Structures are given as C-alpha cells and as structure tokens.
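What follows is calculated from the coordinates using simple rules that are stated; it is not laboratory data. For clarity, every value in this text was computed on a predicted model and none was experimentally measured. So basically every Cβ, Gly included, is an ideal-geometry build from the backbone, and we count neighbours across all protein chains shown.
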Amino acid sequence: SQTIHQWPATLVQPVGSPLSLECTVEGTSNPNLYWYRQAAGRGLQLLFYSVGIGQISSEVPQNLSASRPQDRQFILSSKKLLLSDSGFYLCAWMGARELFFGEGSRLTVL
Amino acid sequence: AQSVTQLDSQVPVFEEAPVELRCNYSSSVSVYLFWYVQYPNQGLQLLLKYLSGSTLVKGINGFEAEFNKSQTSFHLRKPSVHISDTAEYFCAVISPYSGGYQKVTFGTGTKLQVIP
C-alpha cells in the first residue's frame, strides 16, 4: 500500500535561518506531488506541485522553493525564513482518484 | 477554471443533533468531488468522494453527501453528531486525470464545533 511521510513534524526556527522540509512517498511511482500551507485561521494554499523529477511549478511567488531530486522525494526549502512563513505545511500525492496527505510539519518562525 | 465555496466558516451544533456542511463548486469540466476532515495538528483524511454513479455517497464515521449537478452542490450531512466529530472539514474538487497535472481546488474549510 502507498504511504506518505513528512519530517520534521515540528520545527522552531529564527527569522533569517534556512529551512528544509522533506516528504517521501512509498508504494507508488511517478506520483504527482504537492506542497500546501495552512496559516493560522486560513485554508489550504497550494505552494508547489510536481509531475516528475526536476519538474516544479510554483503557484505563489515567495521566498520558498521546492525540489524533486528523486521520483518519490519532494523537498520544501528556504534560504532565509520570514515570520510570515509560519504555518502548517502539508505534502500530498495524487492517487488515481484521490489526494493523499502526509501528517504535516508545523513551522514556527520566531 | 474551477472554484469551491464553503459558505460557513464555523458551525456550532449540539451533540446528537443533525448537521449539514455546505459546499458549492464551479467548473467548466466534469470534476470529482471530495470531503476531507482535519483534526488538530494532523493531515487531511478523506471522508468520502463522488466520482460517478449514485449521487448519494456514504463515507466514514456516519457521514454522507449528495451530489446535485443542477445546483452544483455537494453538501455533507450527518444525522447525529458526536463530540469526536469536532474538526475542520474541507470540500475539494479534482479535475480528472488527462495526463500530467491534476488541478485540485479546496474550499476555505468549515470548523464544526460539537457542543456537549
């Protein structure tokens, strides 16, 4: 069966520090992958999606970036975090007819 | 283009009372319809989905939803809620796979608060 994992689950970082959140999918190949963010009291904002290795599309311009170095690995990064980057980050992969989510990573920028 | 509207940001309801969470959508093509639930500090979990066929869809935890094509709605219902149903609920539409990227659009969510 397919599974999706995210880490770290919780992260507290100072403003201006770098960020790396990792997501891996098991049990499937060449999945469509997504990064979403939930800010406090707000809905789901699509940040990036990827249809294959090295293929990244950005939905919202910001200081975050994404990479897909391997088929089932999706990484969200930043060189310098802002206070506004705080939130709950969710990775997801698209099955045949359903979107599956990871457990989420809570980022607090101080 | 496709969009999803969840008109109610918060819905308080007493335990054992019925509840309906509303979802309306718009799309220029046929889409798949979903309801997800999110408990605090967790990812989203699928409640139910409509792909085709019967317009009444039953999901987990006693929830059901009805697809109404003429009204472009997919409202979520439960005849008797429990304290454990307190969570945030998201309606979503997904465009059918046609090679490459599948567009996913979420509503802004409805927080269901079950009152003892």
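Details
- For segment A:1-40 and segment B:1-77, distance of Cα centres in Å: 26
- Extended-chain gain in nm, criterion 0.36 nm per residue less alpha-carbon gap, B:Glu20 and B:Ala1: 4.2 nm
- Whole-number D in µm² s⁻¹ for segment A:3-109, Kirkwood Cα-pair radius fed into Stokes-Einstein, 20 °C, 1.002 mPa s: 156
- Rough spin-label spacing in nm, given labels placed 7 Å along Cα→Cβ, for A:Leu83 and B:Gln45: 3.6
- Distance cut-off 29 Å, percentage of C-alpha pairs in the protein assembly as shown lying past it: 28
- Normalised by the number of residues in chain A, the average gap of Cα pairs under 8 Å and 6 or more apart makes the relative contact order 36 percent.
- Remark: segment B:2-115 is approximated by an ellipsoid whose semi-axes, taken from the C-alpha gyration tensor as √(5λ), come to 24, 15, 12 Å, largest first.
- Equivalent-ellipsoid semi-axes of segment A:54-99, from the Cα gyration tensor, Å, largest first: 22, 14, 10
- Relative contact order of segment B:2-115, pairs being alpha-carbon contacts under 8 Å that are 6 or more residues apart, as %: 37
- Amide hydrogen neighbours beyond the local backbone of B:Glu15, cut-off 5 Å, H modeled: B:Ile115
- Charge dipole (debye, nearest 20) of segment A:17-110; +1 at Cβ of Lys and Arg, -1 at Cβ of Asp and Glu: 240
- Paramagnetic label reach from A:Ala9 (point 7 Å along Cα→Cβ; backbone nitrogen cut-off under 16 Å): within segment A:74-110, residues A:88-91, A:102-108.
- Residue among B:Ile115, B:Ser73, B:Tyr101 farthest towards the positive dipole end of chain B, charges placed on Cβ: B:Tyr101
- Cβ-placed point charges (K, R +1; D, E -1), dipole of chain B about Cα centre in debye, nearest 20: 380
- Those residues of segment B:14-35 whose amide nitrogen sits under 12 Å from the label point placed on B:Lys69, 7 Å along Cα→Cβ: B:30-31
- For B:Lys49, the lysines whose Cα falls under 22 Å of its own Cα, not counting residues fewer than eight places away in the same chain, are B:Lys58, B:Lys69, B:Lys78, B:Lys103, B:Lys111.
- A cut-off of 5 Å between modelled amide H atoms, ignoring neighbours fewer than 5 places along the same chain, links B:Lys103 with B:Ser95.
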